[in-house]
């Protein structure tokens, strides 16, 4: 009697298992195959790209993604992005959209468009030494160093960092980074983006005959790491 019960239970379990298996296979066949979905090529960042960086081909890569996941503004080919400016920081692997970039010509029209809310554009006079041999470019970050003439010890200056990590808006009248074919023009002014309070500090120092201001240039690699860590 006991063996019959075990046999019947085994048969019932076999039937249930078979039914479940066929139901699963039916659902699997009815589900759309992933490999049948259309894929399209889009443009993505090959590396982390900081805001206001000029885009080059080495920063880009073309990847394939499901067509259903592609944003309407996604860029498809490198020429659509090369030579333009990053409007915001982008992470490696991020798909580039049209609104992620801005044209250099548009960028160069008005410096007021580059100034963030609550900040001001302030220009300071510089010479070759104070401007790091005219190597500072728009989009760079600098520290402002204040050196004051010590009247009690003739011929010596006391220096201190007045401001740190200040964005450069323009050099002379140029508001975008130089290209390979941009002619060299020596400049004598650097325009910085400052809060109103810091702007007054810089202006007062710049107009003081006993004080001279110098700029210390930040590494762009270092700046990119700082922006990444702050996100």
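Bear in mind that the values in this text are calculations on the coordinates, not laboratory data. These figures come from a predicted structure and were not determined experimentally. Backbone-built Cβ (ideal geometry, glycine too); neighbour counts: all protein chains shown.
Okay, here's what the table says:
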read-out	value
Reciprocal of mean inverse Cα separation for region 39-107 (Kirkwood radius, Å)	11.8 Å
Extended-chain gain in nm, criterion 0.36 nm per residue less alpha-carbon gap, residue 68 and residue 159	26.8 nm
Full-stretch length increase - residue 220, residue 204 - with 0.36 nm per residue and alpha-carbon distance subtracted	2.9 nm
Highest-first arrangement of 58-69, 43-54, where packing means the average Cβ count within 10 Å	43-54, 58-69
